[in-house]
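Encoded as C-alpha cells, the structure appears first; notes follow it.
The values are calculated or read from the model by the stated rules, or taken from the named source; none is laboratory data. Bear in mind the structure is a predicted one, so any value in this text is a computation, not a measurement. Virtual Cβ from ideal backbone geometry, glycine too; neighbours counted across all protein chains shown. Note: areas computed on protein heavy atoms with side chains; ligands, DNA, RNA excluded. Shrake-Rupley method; radii C 1.70, N 1.55, O 1.52, S 1.80 Å.
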Amino acid sequence: MELRVATGRSFPLSAAAGRYAHVLALPGALRFFLPAAVARLGVAVTGVAVLWTVQGTSGSFAQAGAATGVSALADAAAGPHIARLIDRWGQRPVVAVSALVFLVAGSALIVACTSSSPATWIVLALAGLTGATAPPVGALAAARWRRTAEPTGLLPAAFALEGSLNDLTFLIGPLLVTTLSATVAPSAGLVVALWCVAAGTIGLLTARSSEPAPSQSTARSVLCDPRLLNRGFLTLFVAHLATGFFFGGIGVAITAFALAHDAGALAGPIATGSSIVSLLAGPAYGGAQRRRPAETMLSAAIVITIGCALLALVPGVPLMFLGYAIVGGCVALVLIPTSELLQRATQVSVYTQAMTWISSASAAGIAASASIVGHAIQERGWQEGFLWLSALTALLPLTLIVSYRTLRTLQRSSAT
C-alpha cells in the first residue's frame, strides 16, 4: 500500500520508521517540529527549575515546594483561557505576548531569589505568573499537526511521534536541570528553561505556513466553550484526570520504595526504565497500520491499575525495575490514542482549547494524587501508597468501560 502526500510523492507504509520519516517529510513539518521540541523542553522543566532556584537560594524546601505548586496550579487554571484566545485570534499574537510575560516573570524570579531575600508572597506571585503564562507548546504543535498531517492520513503517526518526543523530554529534561542546578548555580536550570522557551517560541511562531487559521466564532460561555461539552471530549477529560492521578502518585511511591530499601539513588533509574519502555511502545503503536484506540486504551488502563496494586507486593529493587517498566510503559498506550480520539471529538476551531483542558485535567490529578499518596505513605508505609495509587487510577478503566461505546463511535468516525 502506498500513500500519496501533498508533495505528490508516493511512500510505502510497511514500516513504522518509514511512517515517521513520511510525517517529518510533510511540507513545513520540520520547520515547526524542531523549534516546538526546544520550547517543549523549556516548558517541561520549568517546574523542577523553579524548585531548584527557590530552594537553592532560600534554603527552604517548604517555600520551594509552595512555589512549584503555585506555578503548576496557575498553569492548569490559566492554560485553557489562553488557549481560547489562541483559537480566537491565532497562535502568533497571543503566544508572543504570553511567552514574553513568561520570560519576564521567570527572569524576575531569578533576580529576586539571587539578589536578596524576597518575601514569600513575592516568590509565590512570580512563580504563579511564570506558570500561568507558560506557552501551551504541546497544544500548539498538535494543532499544527492536525492541519499538516490530517489530510494525508498520517495524523496518528504524527501524534505518536509527539508522544515519543514528550517521553524523551521528560526523560532528559529533569536530569539536565538537576545537573546544572547542582553543579553550576541553583538558578542555572531555570535560565536554560527560559532560553529554550524563547528560542523555541520564536522558531515556532515564525513557521507561518503550518499555523492554523483563527476561528472567528465567539462562544458566550466564560468558563468553557460549549462546543467542548460533548460526551466524547468529557470522557477523554476524565481519562486524563485519572492519568494525572497516576503521574502524581507514582513518583512519590517509587521514591518511598527506594528509600525503604536503602536505594534512594535508584529511584531515578527505576523511573527511567519505564520511560524507555514507553518510548518503544509509543512508536510501535503509532507505526501500526491498523490501530484500535479504544481497545488499546482500555487494555493499557487495566494493566496500569492492576499493576500499581501488584507493585505493593514487590519484595526488592530488581523486581521493581521490571514491574514498573511494564506498568509505566503502558502510559504511552493511553496518551497517544487519547490524542488520536480527541481530534475526532472536537472541532478544529476549539482544538487548542481542548488540548489545554486535557492538560489541565492531568495537572489537577497530579496535584491531588501526590498529596493523597504522600499522606498514605507517611502514615502506613510505601505499600499503602501503591494501593491508594491503584484505587485512584481505577477511575481510568472505569471511565473507559462506561464510555466504551462512545469511544468506539469516535474510533469509527472520520476526523471532524
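Observations
- Residue in region 338-349 that is modelled with pLDDT of 75 or more and within 24 Å of V373 (Cβ to Cβ) present: yes
- Verdict on A300 being touching a Cys at 6+ places or on another chain (Cβ under 7 Å) and at pLDDT 90 or above: yes
- T46 being buried (at least 19 other Cβ atoms within 10 Å of the Cβ) and over 16 Å from the mean Cα position of the chain (by Cα): no
- V95 modelled with pLDDT of 90 or more and within 24 Å of P226 (Cα to Cα): yes
- Flag if L341 is within 23 Å of A149 (Cβ to Cβ) and in a helix (DSSP H, G or I): yes
- Which listed residue, of Q347, Q343, Q411, is out of contact with any Leu (no Cβ under 6 Å at 6 or more places or on another chain), of a type outside the set (G, A, S), open to solvent by less than 20 Å² (accessible area, probe 1.4 Å) and within 16 Å of R231 (Cα to Cα): Q343
- Test: residue in region 361-383 that is at pLDDT below 90 and on the phi > 0 side of the Ramachandran plot: yes
- Selection status of Y351, within 21 Å of I276 (Cα to Cα), touching a residue at least 24 places away in the same chain (Cβ under 8 Å), in a helix (DSSP H, G or I) and among the aromatic types (F, W, Y): no
- When we screen G59, G90, G65 for residues that are surrounded by fewer than 22 Cβ atoms within 10 Å (Cβ to Cβ), modelled with pLDDT under 85 and out of contact with any helix residue (DSSP H, G or I) (no Cβ under 9 Å at 6 or more places or on another chain), the only hit is G59.
- Candidate set: region 310-338, residues that are in a helix (DSSP H, G or I) and open to solvent by 30 Å² or more (accessible area, probe 1.4 Å); chosen: the one nearest to L234 (Cα to Cα): L335
- The set of residues in region 135-169 being surrounded by fewer than 20 Cβ atoms within 10 Å (Cβ to Cβ) and more than 12 Å from the chain's Cα centre (by Cα) consists of R147, E150, P151, T152, G153.
- Boolean, A127 is assigned to a helix (DSSP H, G or I) and of a type in the set (G, A, S): yes
- Filtered by the rule that a residue be over 11 Å from G249 (Cβ atoms) and surrounded by 16 or more Cβ atoms within 10 Å (Cβ to Cβ), region 376-392 gives W382, Q383, E384.
- Within region 212-265, restricting attention to residues that are at pLDDT below 80 and either of a type in the set (D, E, K, R) or in contact with a strand residue (DSSP E or B) (Cβ under 6 Å, 6 or more places away or on another chain) (or both), the residue that is least open to solvent (accessible area, probe 1.4 Å) is D225.
- Checked against (1) at pLDDT 85 or above; (2) open to solvent by 20 Å² or more (accessible area, probe 1.4 Å), L73 passes all but a single condition, namely (1).
- Of the residues making up region 68-87, just one is in contact with a helix residue (DSSP H, G or I) (Cβ under 6 Å, 6 or more places away or on another chain) and without any contact (Cβ under 8 Å) to a residue 12 or more places away in the chain, namely L85.
- Being open to solvent by 20 Å² or more (accessible area, probe 1.4 Å), over 16 Å from G153 (Cα atoms), at pLDDT 85 or above and not β-branched (V, I, T) is a description that applies to L34.
- Taking region 393-408 as the range and being among the charged types (D, E, K, R) and either touching a residue at least 12 places away in the same chain (Cβ under 8 Å) or open to solvent by less than 20 Å² (accessible area, probe 1.4 Å) (or both) as the test, only R408 passes.
- Test: residue in region 17-35 that is β-branched (V, I, T), over 17 Å from the mean Cα position of the chain (by Cα), in a helix (DSSP H, G or I) and within 28 Å of A149 (Cα to Cα): yes
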